Amino acid sequence: MKKLIVFFLLMSSNLAYSQSVMYKIANVFIGNYTEQQVKYTLEKAMKMYNIPINNDNRLKCASTVLSLRKYNNDKFSEMQILEHMIKSNNGKKLSFPDQAGLSSTLLLRQ
């Protein structure tokens, strides 16, 4: 019984950590997007670029697009970068950061 309780507590803390990570990411992304919308789009892009879905990778990928948004003086949102990355994935072997940079450059030209 004790092992079951410990397991449940560990699982609860992992779930809470996961939710807090997505909460933080959704709150630093600009725009009126829900936490669920941000999670769906971020994870879709991560899967397309073969990045395992876990909290560390979520933070790294979110940081990448956040940095590009700030570098470009908020001319586009993080979600616009992610959506462009998803639309642009045509089987080329670019990494997530490389495609994020390319997408940000192309968004500037629009």
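Among the conditions (1) touching an Asp or Glu at 6+ places or on another chain (Cβ under 8 Å); (2) at pLDDT below 95, residue 74 misses just one, which is (1). Name the single residue that is farthest from residue 44 (Cα to Cα) among those in region 60-110 being in a helix (DSSP H, G or I) and small (Gly, Ala, Ser). The extreme case among them is 67. Quick check on region 49-59: of everything there that is part of a helix (DSSP H, G or I) and touching a residue at least 12 places away in the same chain (Cβ under 8 Å), which residue is nearest to residue 38 (Cα to Cα)? Looking at the filtered set, the residue picked out is 58.
Each residue in region 60-83 was checked for being closer than 20 Å to residue 93 by Cβ and touching a residue at least 40 places away in the same chain (Cβ under 8 Å), and 1 of them qualify. Within the bounds of region 81-94, is there any residue that is under 19 Å from residue 25 (Cα atoms) and either of a type in the set (Val, Ile, Thr) or in contact with a Phe, Trp or Tyr (Cβ under 6 Å, 6 or more places away or on another chain) (or both)? Yes, region 81-94 contains a residue that is under 19 Å from residue 25 (Cα atoms) and either of a type in the set (Val, Ile, Thr) or in contact with a Phe, Trp or Tyr (Cβ under 6 Å, 6 or more places away or on another chain) (or both).
The values are calculated or read from the model by the stated rules, or taken from the named source; none is laboratory data. As the structure is a prediction and not an experimental result, all values here were calculated from the model. Heads up, the Cβs are rebuilt from the backbone with ideal geometry, glycines too, and the neighbour counts pull from every protein chain shown.
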